[in-house]
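What follows is one structure encoded as structure tokens, with my remarks underneath.
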Amino acid sequence: RFLGRDGIRKLAGSRLDKLDRAAEDHGFRGLFTLRLIPVVPFNALNFGAGLTSISWGNYALATAIGIFPGTVVYTMFADALLAGSQEASREALIRVLVSGALLIFLSFLPTIARRLGIDIPGSEEAGSTSSISDPSASGGTEGGGSTGATVALLLMALSPGALMAQTLPSHEAFSQVLAEVVEQPLVDYSELVERRAELEAYIRSLGAVDPAALEAADRETRLAFWINAYNACMLSLVAEHYPIQESGGFFSSIKNAIAGRPDNSVWQIEDVFSREHCTIAGDQRSQDEIEHDIIRPTFGEPRIHFAVNCAARSCPVLWPEAYSAEGLDEQLDRAVMVLVDNPEHFRIEGSTVRLNKVLDWYKDDFGGLDGLRDFFAPYLSPERAAVFADPATEIGFFEYDWTLNDTGS
């Protein structure tokens, strides 16, 4: 730490002694201020402080607290600043205001501490030149404990989890996009391409969410978050490749032809469900991960199969609004009812019931075929429910239509 100090002393002479005295009297406050308001380059300040007699305790504590607000602003709010510049959402503006208030508050910390009678090591008013690690320098263990407790409380209050818990997205920005592009049961992808910047800004807000804060939220908030994330990322993927055309690869063409996938199916997009293309809660994720690794095993909610949309005509429809924690249960029930009332997805013909193919793929999430009978009972009229519940009624499934759910198709 003191490498080069002797050479500097020869050049500076007695002026270095004055610098040492200033460091002893004001070291913590001075370094804290320079860390908080970074007018001096970070590494230059590191070497410069090392040439003074500032104690290691003061140096470490002033640096840790001083750089914390800037670190929070950079890591937590950079995306919000970008989104705010695009006027994407209210959350972006709120987060910018929070970051500004945070910086202002920290700049007044020494004054606040002084008015509260808390000794700040290295400050003139403290009347002490000893390290913060020496409790006796601030009047015994009681004073040192007060300072330590204050610092601990400050760090807890400014922790990423505490901040991000207040900034989980409300999904209003996504609702605004959906309201303009969804024409049930289809989507106007030409319009979506025009509004792609709004969609991407919303997705960036999901990407900036702290995973710990999301995990701490209630079940409805988390489930609505992940359903919206899946649907928004799927729309983004289609918009990126729209208009979708046959990929042109020989083996891909054969594979899609055998599977009955049309030329404008999302399957023409390479690795459409397995590619990690969407940053959500800090990690790059694929459609498969969101649905099969997060939503299904975490929530055990079979109604999600009526809510997540894979951009195909046979997929349950999108709604012109995002899912929300407040009305999630009603929204999911409504999604089930829409499918039940659509003969292309749910049809009773004599002693046979034909269902959307999705319910065949994921019937285990409902408890098998018998579980499907029990699941749909509350959503059917008494007459239809009786037919469906009859063990003699056969259950079949429609062929899945992978045609893009596009108004222009």
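Numbers below:
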| item | result |
| --- | --- |
| Search result, residues across region 182-199 that are crowded, with 20+ Cβ neighbours inside 10 Å and without any contact (Cβ under 8 Å) to a residue 60 or more places away in the chain | 192, 199 |
| Subset tally (residues that are crowded, with 18+ Cβ neighbours inside 10 Å and at pLDDT below 75) for region 32-53 | 4 |
| Criterion (touching a Cys at 6+ places or on another chain (Cβ under 8 Å), hydroxyl-bearing (Ser, Thr, Tyr) and surrounded by 13 or more Cβ atoms within 10 Å (Cβ to Cβ)) met by exactly one of 286, 314, 324 | 286 |
| Only one of 232, 213 that is in a helix (DSSP H, G or I) and within 23 Å of residue 274 (Cα to Cα) | 232 |
| Selection count, region 1-22, where residues are at pLDDT 70 or above and either small (Gly, Ala, Ser) or closer than 26 Å to residue 105 by Cα (or both) | 1 |
| Count of region 371-409 residues which are loosely packed, with under 13 Cβ neighbours inside 10 Å, of a type outside the set (D, E, K, R) and within 22 Å of residue 361 (Cβ to Cβ) | 1 |
| Only one of 304, 269, 258 that is at pLDDT 95 or above and of a type outside the set (D, E, K, R) | 304 |
| Test: residue in region 184-192 that is in contact with a Lys or Arg (Cβ under 9 Å, 6 or more places away or on another chain) and closer than 29 Å to residue 336 by Cβ | yes |
| Region 348-395, residues that are among the basic types (Lys, Arg) and within 29 Å of residue 297 (Cα to Cα) | 354, 357, 363, 373 |
| Complete set of residues in region 263-318 that are over 21 Å from the mean Cα position of the chain (by Cα) and among the small types (Gly, Ala, Ser) | 265, 300, 311, 312, 314 |
| Hits in region 355-405 - residues which are touching a His at 6+ places or on another chain (Cβ under 9 Å) and either without any contact (Cβ under 8 Å) to a residue 40 or more places away in the chain or not aromatic (Phe, Trp, Tyr) (or both) | 355, 356, 358, 359, 361, 365 |
| Residues of region 235-244 classified as assigned to a helix (DSSP H, G or I) and surrounded by fewer than 17 Cβ atoms within 10 Å (Cβ to Cβ), total | 2 |
| Residue match in region 319-338 (condition: farther than 26 Å from residue 220 by Cα and more than 27 Å from the chain's Cα centre (by Cα)) | no |
| Some residue of region 377-390 being closer than 30 Å to residue 190 by Cα and in contact with a strand residue (DSSP E or B) (Cβ under 7 Å, 6 or more places away or on another chain) | no |
| Test result for residue 178, modelled with pLDDT under 95, out of contact with any strand residue (DSSP E or B) (no Cβ under 7 Å at 6 or more places or on another chain), assigned to a helix (DSSP H, G or I) and not small (Gly, Ala, Ser) | no |
| Lone qualifier among 346, 299, 306 - being surrounded by fewer than 20 Cβ atoms within 10 Å (Cβ to Cβ), in contact with a Leu (Cβ under 9 Å, 6 or more places away or on another chain) and at negative phi | 299 |
| Single condition residue 339 does not satisfy, out of (1) touching a residue at least 40 places away in the same chain (Cβ under 8 Å); (2) crowded, with 20+ Cβ neighbours inside 10 Å; (3) not in a loop (DSSP other than H, G, I, E, B) | (1) |
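The values are calculated or read from the model by the stated rules, or taken from the named source; none is laboratory data. If you're wondering where the values come from, they're calculated on a predicted model, not measured in any experiment. Positions of Cβ are backbone-derived with ideal geometry, glycine not excepted, and every protein chain shown enters the neighbour counts.
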